[in-house]
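One structure below.
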Amino acid sequence: MNIHQLSVNYEDRQDRLLLRVNTQGGQEYRLWLTRRLTGRLLPHLQTCVVQLEALNPQVMVSDASAQQMLTELQRETFLQKADFQTPFTSQDPTLPLGQDPILVTDVQLNLQNNGTLNVVFQDKSGNDATQRSCQLGLQSALLHGLLHLIDQALQHANWRMEPLPHAPAAQDKGLEETRPAYTH
(Lines give C-alpha, C1' and ligand atoms only; values in the text may rest on other atoms or scores of the structure.)
Protein backbone atom coordinates (compact mmCIF):
# COMPACT_ATOMS: atom_id res chain seq x y z
CA MET A 1 0.00 0.00 0.00
CA ASN A 2 1.45 3.35 -1.04
CA ILE A 3 0.43 5.80 1.66
CA HIS A 4 -0.49 9.27 0.44
CA GLN A 5 -1.78 10.86 3.66
CA LEU A 6 -2.29 10.05 7.32
CA SER A 7 -4.76 11.70 9.65
CA VAL A 8 -5.33 11.20 13.38
CA ASN A 9 -8.17 13.09 15.06
CA TYR A 10 -9.86 12.85 18.40
CA GLU A 11 -13.59 12.17 18.07
CA ASP A 12 -15.30 13.53 21.18
CA ARG A 13 -18.57 11.61 20.78
CA GLN A 14 -16.74 8.29 20.45
CA ASP A 15 -13.96 9.19 22.91
CA ARG A 16 -11.54 7.55 20.49
CA LEU A 17 -8.87 8.48 18.02
CA LEU A 18 -9.80 8.11 14.37
CA LEU A 19 -6.82 7.06 12.26
CA ARG A 20 -7.39 7.55 8.55
CA VAL A 21 -4.97 6.37 5.89
CA ASN A 22 -5.32 7.58 2.32
CA THR A 23 -3.43 5.68 -0.40
CA GLN A 24 -2.15 6.93 -3.72
CA GLY A 25 -4.60 4.49 -5.31
CA GLY A 26 -7.60 6.36 -3.86
CA GLN A 27 -8.35 3.94 -1.02
CA GLU A 28 -9.12 5.06 2.50
CA TYR A 29 -8.75 2.95 5.63
CA ARG A 30 -10.52 4.10 8.80
CA LEU A 31 -9.52 2.80 12.23
CA TRP A 32 -10.71 3.53 15.78
CA LEU A 33 -7.98 3.58 18.43
CA THR A 34 -9.17 3.46 22.03
CA ARG A 35 -7.39 5.17 24.88
CA ARG A 36 -6.22 1.90 26.37
CA LEU A 37 -4.88 0.51 23.12
CA THR A 38 -3.16 3.81 22.26
CA GLY A 39 -1.50 3.98 25.67
CA ARG A 40 -0.14 0.47 25.30
CA LEU A 41 0.90 0.91 21.66
CA LEU A 42 2.80 4.21 21.86
CA PRO A 43 5.86 3.03 23.83
CA HIS A 44 6.38 0.23 21.33
CA LEU A 45 6.05 2.57 18.36
CA GLN A 46 8.62 4.85 20.02
CA THR A 47 11.01 1.92 20.42
CA CYS A 48 10.44 0.85 16.82
CA VAL A 49 11.29 4.29 15.43
CA VAL A 50 14.61 4.19 17.30
CA GLN A 51 15.28 0.71 15.94
CA LEU A 52 14.41 1.82 12.39
CA GLU A 53 16.82 4.73 12.66
CA ALA A 54 19.50 2.32 13.92
CA LEU A 55 19.06 0.20 10.75
CA ASN A 56 20.19 3.13 8.58
CA PRO A 57 23.55 1.95 7.17
CA GLN A 58 24.70 5.54 6.59
CA VAL A 59 24.74 6.30 10.30
CA MET A 60 26.09 3.70 12.66
CA VAL A 61 25.94 4.53 16.35
CA SER A 62 27.14 2.15 19.01
CA ASP A 63 25.63 3.43 22.24
CA ALA A 64 21.99 3.87 23.16
CA SER A 65 22.18 7.53 24.20
CA ALA A 66 23.80 8.50 20.90
CA GLN A 67 21.12 6.55 19.05
CA GLN A 68 18.44 8.37 21.03
CA MET A 69 19.96 11.74 20.12
CA LEU A 70 20.18 10.71 16.46
CA THR A 71 16.53 9.62 16.44
CA GLU A 72 15.46 12.94 17.97
CA LEU A 73 17.48 14.80 15.33
CA GLN A 74 15.87 12.73 12.56
CA ARG A 75 12.45 13.46 14.05
CA GLU A 76 13.08 17.21 14.13
CA THR A 77 14.41 17.14 10.55
CA PHE A 78 11.33 15.25 9.38
CA LEU A 79 8.91 17.56 11.19
CA GLN A 80 10.51 20.63 9.60
CA LYS A 81 10.01 19.17 6.11
CA ALA A 82 6.61 17.50 6.63
CA ASP A 83 3.39 18.99 5.29
CA PHE A 84 0.86 19.10 8.11
CA GLN A 85 -1.09 21.97 6.54
CA THR A 86 -2.66 20.20 3.54
CA PRO A 87 -6.13 18.97 4.51
CA PHE A 88 -6.78 15.24 4.41
CA THR A 89 -8.43 14.52 1.05
CA SER A 90 -11.37 12.20 1.08
CA GLN A 91 -13.15 12.74 -2.21
CA ASP A 92 -15.17 9.64 -3.06
CA PRO A 93 -12.57 7.13 -1.84
CA THR A 94 -12.75 3.38 -2.13
CA LEU A 95 -13.32 2.00 1.38
CA PRO A 96 -11.87 -1.55 1.49
CA LEU A 97 -12.84 -1.97 5.17
CA GLY A 98 -16.28 -0.42 4.78
CA GLN A 99 -17.84 2.94 5.60
CA ASP A 100 -17.53 2.57 9.38
CA PRO A 101 -14.07 2.54 10.97
CA ILE A 102 -12.92 -0.76 12.40
CA LEU A 103 -12.40 -0.92 16.14
CA VAL A 104 -8.76 -1.95 16.55
CA THR A 105 -8.48 -4.65 19.19
CA ASP A 106 -5.07 -6.08 18.27
CA VAL A 107 -1.89 -4.65 16.78
CA GLN A 108 1.14 -6.55 15.54
CA LEU A 109 4.46 -4.84 14.93
CA ASN A 110 7.13 -6.48 12.79
CA LEU A 111 10.40 -4.71 12.18
CA GLN A 112 11.68 -5.63 8.71
CA ASN A 113 15.36 -5.75 7.74
CA ASN A 114 14.65 -3.40 4.80
CA GLY A 115 13.99 -0.50 7.19
CA THR A 116 10.21 -0.80 7.33
CA LEU A 117 7.91 -1.34 10.29
CA ASN A 118 5.04 -3.60 9.31
CA VAL A 119 1.99 -2.64 11.41
CA VAL A 120 -1.11 -4.82 11.31
CA PHE A 121 -4.25 -3.33 12.90
CA GLN A 122 -6.92 -5.95 13.56
CA ASP A 123 -10.51 -6.05 14.76
CA LYS A 124 -10.93 -9.41 16.47
CA SER A 125 -14.08 -8.48 18.36
CA GLY A 126 -16.43 -10.48 16.09
CA ASN A 127 -16.39 -14.02 14.82
CA ASP A 128 -13.75 -15.20 12.33
CA ALA A 129 -15.94 -14.28 9.35
CA THR A 130 -16.27 -10.62 10.43
CA GLN A 131 -12.67 -9.96 11.49
CA ARG A 132 -11.08 -7.15 9.52
CA SER A 133 -7.51 -5.89 9.38
CA CYS A 134 -5.30 -3.25 7.82
CA GLN A 135 -1.58 -3.61 7.19
CA LEU A 136 0.73 -0.61 6.89
CA GLY A 137 4.39 -0.56 5.92
CA LEU A 138 5.95 2.45 7.61
CA GLN A 139 9.46 3.71 7.04
CA SER A 140 10.97 5.89 9.73
CA ALA A 141 9.74 9.19 8.21
CA LEU A 142 6.12 8.00 8.11
CA LEU A 143 6.42 6.57 11.61
CA HIS A 144 7.75 9.92 12.90
CA GLY A 145 4.75 11.58 11.21
CA LEU A 146 2.26 9.11 12.67
CA LEU A 147 3.69 9.58 16.16
CA HIS A 148 3.46 13.36 15.76
CA LEU A 149 -0.18 13.15 14.65
CA ILE A 150 -1.07 10.83 17.54
CA ASP A 151 0.66 13.19 19.96
CA GLN A 152 -1.37 16.14 18.65
CA ALA A 153 -4.62 14.14 18.89
CA LEU A 154 -3.77 13.09 22.46
CA GLN A 155 -3.31 16.72 23.45
CA HIS A 156 -6.71 17.53 21.96
CA ALA A 157 -8.28 14.49 23.67
CA ASN A 158 -6.90 15.57 27.04
CA TRP A 159 -6.53 11.93 28.03
CA ARG A 160 -3.72 12.82 30.45
CA MET A 161 -1.45 9.98 29.43
CA GLU A 162 2.04 9.89 30.78
CA PRO A 163 4.18 12.00 28.48
CA LEU A 164 6.40 9.84 26.36
CA PRO A 165 9.89 10.81 25.42
CA HIS A 166 10.10 11.29 21.68
CA ALA A 167 12.92 8.79 21.37
CA PRO A 168 13.45 6.30 24.21
CA ALA A 169 16.81 4.62 24.50
CA ALA A 170 17.08 1.60 22.25
CA GLN A 171 17.44 -1.62 24.14
CA ASP A 172 19.35 -4.65 23.00
CA LYS A 173 16.41 -6.82 22.06
CA GLY A 174 16.17 -9.55 19.51
CA LEU A 175 13.81 -9.26 16.56
CA GLU A 176 11.32 -11.54 18.32
CA GLU A 177 10.87 -9.00 21.09
CA THR A 178 10.05 -6.22 18.62
CA ARG A 179 6.86 -8.00 17.58
CA PRO A 180 4.39 -7.25 20.35
CA ALA A 181 0.74 -8.02 19.87
CA TYR A 182 -1.89 -6.05 21.73
CA THR A 183 -5.31 -7.16 22.76
CA HIS A 184 -7.93 -4.66 23.75
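Answer yes or no: is there a residue in region 24-39 that is within 23 Å of M1 (Cα to Cα), basic (K, R) and in contact with a strand residue (DSSP E or B) (Cβ under 8 Å, 6 or more places away or on another chain).
Checked region 24-39: at least one residue is within 23 Å of M1 (Cα to Cα), basic (K, R) and in contact with a strand residue (DSSP E or B) (Cβ under 8 Å, 6 or more places away or on another chain).
Identify, by number, the condition in (1) crowded, with 16+ Cβ neighbours inside 10 Å; (2) polar (S, T, N, Q); (3) modelled with pLDDT under 90 that T86 doesn't meet.
Exception for T86: condition (1).
Specify which of the listed residues (Q51, Q46, Q5) is farther than 14 Å from L95 by Cα, outside any helix (DSSP H, G or I) and in contact (Cβ under 8 Å) with a residue 12 or more places away in the chain.
Q5
The values are calculated or read from the model by the stated rules, or taken from the named source; none is laboratory data. Note that the structure is predicted; figures quoted are calculated from it, not measured. Ideal geometry is used to build each Cβ from the backbone, glycine not excepted, and the neighbour counts take in all protein chains shown.
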